[in-house]
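Here the structure comes first, spelled out in structure tokens, and everything after it is commentary.
Just so you know, all these numbers are worked out from the coordinates, no wet-lab data involved. Source: prediction; values computed, not measured. Virtual Cβ from ideal backbone geometry, glycine too; neighbours counted across all protein chains shown.
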Amino acid sequence: MTVNETQTNKIDASCRVPLLVLFGGAAAWLVVGSLLALLASLTFHMPDKFGDCPWGTYGHLQPAADDALLYGFCIPAGLGVALWIFARLGQTPLRGALVPVVAAHLWHLGVLVGLVGIFVGDSTGFAWLEFPRGGSALLFFSYLLLGLWALMNFSGRRDSGMFPSHWFLVAALFLFPWIYSAANILIVGWPVRGVVQAVIAWWFGNNLVFVWTSLVGLGTAFYFLPKFSGRPLQTYFYALFAFWTLLFFGSMRGVPSGAPVPAWLPTLSSLNSLMLIIPVIAIVIIGWKTVVGAAGQECKGGSFCMVKFGFVAFILSALLLIAQSCPVIGRLTQFTWFGPAQTQLQLYGFFAITMFGAIYHILPRAVGIEFAFPKLIRVQHWLAMLGIFILVASLAVGGVEQGMKLNDPAVAFGDSTKAMLMFLRVSTTGLLFILLANLLFALNIFVMILAWKWSLVKTVFAFVISPLNKAEVKA
Amino acid sequence: MKNGFVIFLAAFAMIFTSWSAFVLGPQLQLGREKQVPVLNSTEVYPRSRHGEANQGLQVYRANGCAACHTEQVQQDGVACEVVLSSAGKNPAAISNLLATLNLRGLSQADAQAVSDKIAAGGGKVETHIVAVGPDIARGWGLRHSVAEDFLYDNVVQLGSLRIGPDLAGVGTRLPDANWQLLHLYAPKSVVKDSLMPPFRYLFETRKIGDAPSADALNLPQGFTPPAGYEVVPKPEAKELVAYLLSLHADVPLYDAPFTPVVVAKP
């Protein structure tokens, strides 16, 4: 890169306002989501306490918590990071920043409408698609605006090179409107008949929760890992191979085995899940060759650590996903907490933590202000790692235990639930750590937003009084 | 930019393939499905639900019941069961013979061999086909769930996590509406260790008027409202129970066969 520092600063500054809106809202939803998840988990400790109001039951809290994490945090954070990476890689300042700012506000409004919808009982009843029409229409419209804007800035870039991050991010930008409109039209708008609804919902959930987050998270990692380790991505061809195989095998799965649908659907899903081992191996090689032994930055609990941790979490999450589609393991883990454990690892352990790393790197550059509590970044990283480890380990191990009891008809059903209780209580601790980590993240982001607003006020104030002084001097 | 266009086209093609396989394909195969004949019967399946039960499905959806309950029974396969229909002239000999034989969980060939032995002893037998697997053994259903079971469901609530038991056959398993209402109001009043949250907001606790309401719940000790009050289900609770009682996927179909046990009429 031969561009001087002023140019880079200009590019960073051009993203400032959209990023503050996207990340600020995302941080707020992150806290809301983890609070809801904690409440949902508490319903297992004291089921009797939540019976008098509809919104306090697990059936309302858990979907709301999941959607707040996915739609509230993951997607806007991913879009913000993608906007910035496009601007940086293309050496082009973001133009027309007003459009993404408006779209980001609309997006966060859509999440609010959707969450309120879930709590008043307007949920559509399909996992990851719970938001009622009003919310999902807003989300779709604002995603189109944000996505189109990112693509326009991408195609108008000065440096016309295509980097591996570009492929992953462009494919993700493109994927969401397709799956979201298809699922909402065919399930919510003009519902198809019978189990086809469920098949479409599974297809959508997999494409959003696994494929979209993998594309954006890996696109981000493939930008930051070489940058931090000081070694170019190893190699272009592995990345291209991983991209194609991930998109191909990853997008054609999602129907669980044993589902009451024609057998070719679960069979095709399981087969493609197993084939995912191919991109996973390629991605392991990329990570290994790029990071291990490179003489770049040291990881001191900052962005580099987070992106590295997220990368490892992705590999683990993909392996858990593949394991579930092996017939022997899948039979044991179906209908148990093993599935939610994998989802949490994917969404929080991999995606959210990668985004934390990226945002901690991007925001100070874009806003031109350092974080108020830089030491808390390290604390946040540790809390998040510990929290997600406790959560995923307890749910996964508990899930296997539950599965063994479910598969043995001699064990009463109640005992399979009781066996889970201890694991659920441990997982609540994990959720508590995650909530604390998220609060620290939000604290740094919010203080930065306040500092930026205060600097705006000061600038305006200075602007207002400076001409007066001159006039007085002349007089 | 040439490179970029190729990437874009190929990504487009992949997402299109995925969409064709998992959205278009199932819709073409199942989207126009109609009622199917019940095996060895003139009946067709499924019958559409009555209005109250259909409303109940919406209560089920709105409260996120599918977060904890599945509606899909699994089975490992089928096995044969040999059932004696008539002992013939020498019941004692047949009884002794039966004691030495394994009559359940047989393959087709084994079932044939067993039937032949009993027939040689003068008894008459029937061979039944039964589904096997943990879910079947728990009594959650007589066969695995199939696409036909959900033909008239809008929305289809298959669920993915069994925090609570499977509900595909709950209407057959627990057909008592009062039990269901008690269980919704205070799960622990009927299932001691239940983890299910009580759905008290689907009920109304009100002062008893001139006479107790016919709908009032007959709650056991420890769950009763204060004296002079009664607990009556709101319409939502009644609809939800109507829906739960309408859940019985228990007829044999071409893609999920079993021999229904006909209870002789007295």
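Remarks
- In this Cβ point-charge picture (+1 for Lys and Arg, -1 for Asp and Glu), the protein assembly as shown has a dipole of about 2160 debye about its Cα centre.
- As a calculated quantity, the FRET efficiency between A:Val397 and B:Phe223 at R0 = 45 Å, using C-beta atoms, amounts to about 0.80.
- Förster radius 35 Å - calculated FRET efficiency between A:Phe446 and A:Leu240, Cβ distance, rounded to 0.05: 0.30
- Spin-label proximity, A:Leu319 to the range A:392-429 - amide N less than 20 Å from point 7 Å beyond Cα toward beta carbon: A:392-401
- Chain B: most fluctuating residue of B:Gly164, B:Gly133, B:Gly123 per GNM, C-alpha cutoff 10 Å: B:Gly123
- Only helical runs count toward this figure. For the protein assembly as shown, summing -39,500 (n - 2.57) over DSSP H runs of n ≥ 4 and dividing by all residues gives -19500 deg cm²/dmol at 222 nm.
- Distant-in-sequence amide H partners of B:Tyr229 (H built 1.01 Å from N, under 5 Å): B:Ile208
- 5 angstrom amide H check on B:Val73, placed H, neighbours 5+ away: B:Ser145
- The alpha carbon gyration tensor of the range A:324-475 gives principal lengths a ≥ b ≥ c with a/c of 1.5 or higher and a/b greater than b/c, which makes the shape prolate.
- In order along the range B:185-201, the Karplus-derived 3J(HN,Hα) couplings, from 6.51 cos²θ - 1.76 cosθ + 1.60 at θ = phi - 60°, round to 6, 8, x, 6, 6, 10, 10, 4, 9, 4, 9, 5, x, x, 9, 5, 6 Hz, and Gly and Pro are given as x.
- Straight-line cross-link partners of A:Lys375 among the lysines, defined as a Cα under 18 Å from its Cα and at least 8 positions apart when in the same chain: A:Lys300.
- Peptide ranges B:66-77, A:269-280 listed from the most packed, as the mean C-beta count within 10 angstrom indicates: B:66-77, A:269-280
- Chain B: most fluctuating residue of B:Leu101, B:Leu184, B:Leu240 per GNM, C-alpha cutoff 10 Å: B:Leu101
- Remark: the B:Ala113-B:Tyr152 segment gains 9.8 nm on full extension, using 0.36 nm per residue and subtracting the alpha carbon distance.
- Span-like helix criteria (full DSSP H runs; alpha carbon extent of at least 27 Å along the helix axis; mean Kyte-Doolittle hydropathy of at least 0.5) are satisfied in chain A by A:16-42, A:98-119, A:133-155, A:164-183, A:303-324, A:374-406, A:413-474.
- Summarising the amide proton neighbourhood of B:Gly88: residues at separation of 5 or more, or on other chains, whose placed amide H is nearer than 5 Å comprise B:Lys124.
- Ranking of B:Trp19, A:Trp202 by neighbouring Cβ atoms within 10 Å, starting from the fewest: B:Trp19, A:Trp202.
- Exposure proxy order (Cβ contacts within 10 Å, fewest to most) of A:Phe371, A:Phe23: A:Phe371, A:Phe23
- Put in line by how crowded their Cβ is, counting other Cβ atoms within 10 Å and starting with the fewest, A:Cys326, A:Cys299, A:Cys15 read A:Cys326, A:Cys299, A:Cys15.
- Computed 3J(HN,Hα) for the range B:108-114, one whole-Hz value per residue from the Karplus formula 6.51 cos²θ - 1.76 cosθ + 1.60 where θ = phi - 60°, is 4, 5, 4, 4, 5, 4, 5, glycine and proline marked x.
- Take each residue of peptide B:23-29, count the partner chain Cβ atoms within 10 Å of its Cβ, and average: the result is 6.
- Taking θ as phi - 60° and the Karplus parameters 6.51, -1.76 and 1.60, the scalar couplings of the range B:151-157 work out to 4, 9, 7, 9, 9, 7, 10 Hz in sequence order, x denoting glycine and proline.
- Whichever lysines have a C-alpha closer than 28 Å to that of B:Lys188, once near sequence neighbours (fewer than 8 apart) are set aside: A:Lys49, A:Lys405, A:Lys418, B:Lys207, B:Lys234, B:Lys238
- Note on the protein assembly as shown: dipole from Cβ charges, positive end direction compared against A:Val379, B:Leu253, A:Gly125; the farthest Cα belongs to A:Val379.
- Here chain A is scanned for GluC sites (Glu not before Pro) in DSSP loops (not H, G, I, E, B) that have at most 14 other Cβ atoms within 10 Å, and the longest stretch holding none of them is A:1-297.
- Cysteines in chain A lacking a second Cys C-beta under 4.7 Å: A:Cys15, A:Cys53, A:Cys74, A:Cys326
- Taken along the Cα-to-beta-carbon direction at a fixed 7 Å, the label points for A:Val120 and A:Met152 span 3.4 nm.
- Averaged over the residues of peptide A:400-413, the number of Cβ atoms from other protein chains lying within 10 Å of each residue's Cβ is 3.
- Förster radius 60 Å - calculated FRET efficiency between B:Arg47 and A:Phe389, Cβ distance, rounded to 0.05: 0.75
- Estimated distance in nm for a label pair at B:Thr127 and A:Val426, the labels positioned 7 Å out from Cα along Cα-to-Cβ: 4.9 nm
- Partner aspartates and glutamates for B:Lys117 [C-alpha distance under 16 Å; skip if fewer than 8 residues away on the same chain]: B:Glu81, B:Glu126
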